[in-house]
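First up is the structure itself, then whatever we jot down about it.
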Amino acid sequence: MDIIPYGKQYITQQDIDAVSKALVSDYLTQGPYIAEFEREFANYVGSDYAVAVSNGTAALHLSALVLGLKEGDKVITTPISFAATANCIRYCGGEVIFSDINPDTLLIDFPSLKLLLDSSPLGTYKGIISVDFGGRAVDLEKLKNIAQEYDLWLIEDACHAPGGYFVDERNITQNCGNGKFADLSVFSFHPVKHIACGEGGMITTNSFSLYKKLLALRSHGISRNHDEYLNTIQFANGSDSDQDTYPEWYMEMQNLGYNYRITDIQAALGLSQLSRADSGLKRRKEIARKYNNAFDGKSFIIRQSGFIKGHAYHLYILEVKDRLGLYNYLRENNIFSQIHYIPIHLMPYYRNLGWSEGNMKFAEEYYKNCISLPMFPTLTEEQQQYVIDKICEYYA
């Protein structure tokens, strides 16, 4: 059997044609495909606005910036995520406060979060960054109620969950990133994600004011504003101006922004990938169902992702006995599984900030046993059965 990775991009001729068309167009950087990609992605998740950026980390950083995060501010997040989720807080000079996961969902645990908030004076914390880990949606309705109670803003890290959803108290489906509960939601278009742009990210929101700030900070904090130009002319002349036109070259840097722009080439690829996002998600669910049925009731399984309504299945995770032995055995048989993730608070950087083993009981227990199985739309029935057979063979 050829090597089977845990994740893999799916590039079709349609994708290649879309990129080729962008390459011979008039724009390679800031062109029409970007705006179209933003509109179509906003429609896909059900948000009012979407801003495409260079990657998911840039999306997290800009989100923290526009919400006013500054040096010394404390923000709560989960230790089970990619490091970028916490790092965006540090980029702004903020302090990362970890709150443990629920061992059954692997998402931020609401009772633990409440206990943390209640143990400090009101105003201690500025915000929460939740994570739809593996593709399982956080119940943002419940989390938003907590955030409002303590006057906190809320960022949803939905990088694993385009197409995912939860069902609210009125039995209404709420898509990840629809802007109904989180102030901002972020997505990633890394090759192993549902939608691949090579690199890329998206921020969605229903707030027009946050949307405008994101657009400015994405591109160096520069604005092209007619009114500002007229004010400059009036100031220079010392009198009113009746000028009703302004030069195309005029611009102002009004804030310290960043070059977090995505290219038109990447946006063209993203548009093509988005057009078949539903079929890719359907296939991921088929794979998840087969894994679930294959491992249900097996004695070596501690927990597994299962087959859950609204799950987007970026990952399918088993928690097993003798994880290291299984990991090595699978590699010997050309199955390249992965571990998601080493808890962020145990990374050397965060240990140096005072975190240590024993701080996050459930996250640490999960890490000792977790392993992510191959999960991507082009995984064949034969390949998946081979993965299942090898796992069962190891524990036989």
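Here are some notes:
- Axis angle, to the nearest 10 degrees, between helix 208-218 and the longest C-alpha principal axis of the chain: 90 degrees.
- Adding -39500 (n - 2.57) for every DSSP H run of four residues or longer, then dividing by how many residues the chain holds, sets the calculated 222 nm ellipticity at -12000 deg cm²/dmol.
- Low-density loop cleavage sites - GluC sites (Glu not before Pro) in the range 289-396, where at most 11 other Cβ are within 10 Å (DSSP): GLU357
- Projected label points at ASP2 and SER279, each 7 Å from Cα along the beta carbon direction, are separated by 2.0 nanometres.
- Among ARG284, ARG331, ARG136: highest mean-square fluctuation, GNM of the chain, C-alpha pairs under 10 Å: ARG331
- Summary value for the chain: 23 percent relative contact order, contacts being C-alpha pairs under 8 angstrom separated by 6+ residues.
- Set LYS21/LYS180; LYS114/LYS321; LYS114/LYS285; LYS126/LYS361; LYS142/LYS290 screened for pairs whose C-alpha atoms are more than 28 Å apart: LYS21/LYS180; LYS114/LYS321; LYS114/LYS285; LYS142/LYS290
- Of the residues MET251, MET347, the one with the largest accessible area comes first in the ranking MET251, MET347, computed with a 1.4 Å probe on protein heavy atoms.
- Here the 3J(HN,Hα) profile of the range 267-274, calculated from phi with Karplus coefficients 6.51, -1.76 and 1.60 at θ = phi - 60°, is 5, 4, 5, x, 4, 5, 5, 4 Hz, Gly and Pro shown as x.
- Among the listed values [x] 70, 45, 39; [y] 95, 50, 40; [z] 88, 57, 44, the one matching Cα extents along the principal axes in Å as calculated from this structure is [z].
- Relative contact order, percent, the range 235-359 [alpha-carbon distance under 8 Å, six or more residues apart]: 13 percent
- Projecting the Cα atoms of PRO32, LEU353, TYR258 onto the charge dipole of the chain, computed from C-beta unit charges around the Cα centre, puts LEU353 farthest toward the positive end.
- Considering only GLY93, GLY358, GLY280, the mean-square fluctuation computed in a Gaussian network model of the chain, springs between alpha carbons under 10 angstrom, is largest for GLY358.
- Taking the Cα centre of the range 329-396 as reference, the dipole from Cβ charges on Lys and Arg (+1) and Asp and Glu (-1) amounts to some 340 debye.
- Among LEU256, LEU69, LEU113, residue whose mean-square fluctuation peaks in a GNM of the chain (springs only between Cα atoms under 10 Å): LEU256
- Taking the C-alpha atoms only, the angle from helix 140-149 to the longest principal axis of the chain is near 60 degrees.
- Distance from the range 346-396 to the range 138-181 (C-alpha centre basis), Å: 26 Å
- Note on GLU248 and ILE339: the model spin-label points, each 7 Å out from Cα along the C-beta direction, lie 5.6 nm apart.
- Around the Cα centre of the range 131-210, unit charges on the Cβ atoms of Lys, Arg, Asp and Glu (plus for the first two, minus for the last two) sum to a dipole of about 240 debye.
- The aspartates and glutamates whose alpha-carbon is closer than 16 Å to the alpha-carbon of LYS8, local same-chain residues fewer than 8 away aside, are GLU199, GLU381.
- Centroid-to-centroid separation of the range 19-46 and the range 85-121 [C-alpha atoms, Å]: 35 Å
- Applying the criteria of a DSSP loop state and at most 14 other Cβ atoms within 10 Å to the trypsin sites (Lys or Arg not before Pro) of the range 1-99 yields LYS70.
- Each Lys and Arg Cβ is given +1 and each Asp and Glu Cβ -1; about its Cα centre, the range 1-140 then shows a dipole of about 320 debye.
- At most 12 other Cβ within 10 Å, DSSP loop - GluC sites (Glu not before Pro), the range 34-98: GLU71
The values are calculated or read from the model by the stated rules, or taken from the named source; none is laboratory data. Remember, it's a predicted structure, so these values are computed and weren't measured experimentally. Note that we place each Cβ from the backbone using ideal geometry, even for glycine, and neighbour counts take in every protein chain shown. SASA here: full protein model, heavy atoms, side chains in, ligands and nucleic acids out. Shrake-Rupley method; radii C 1.70, N 1.55, O 1.52, S 1.80 Å.
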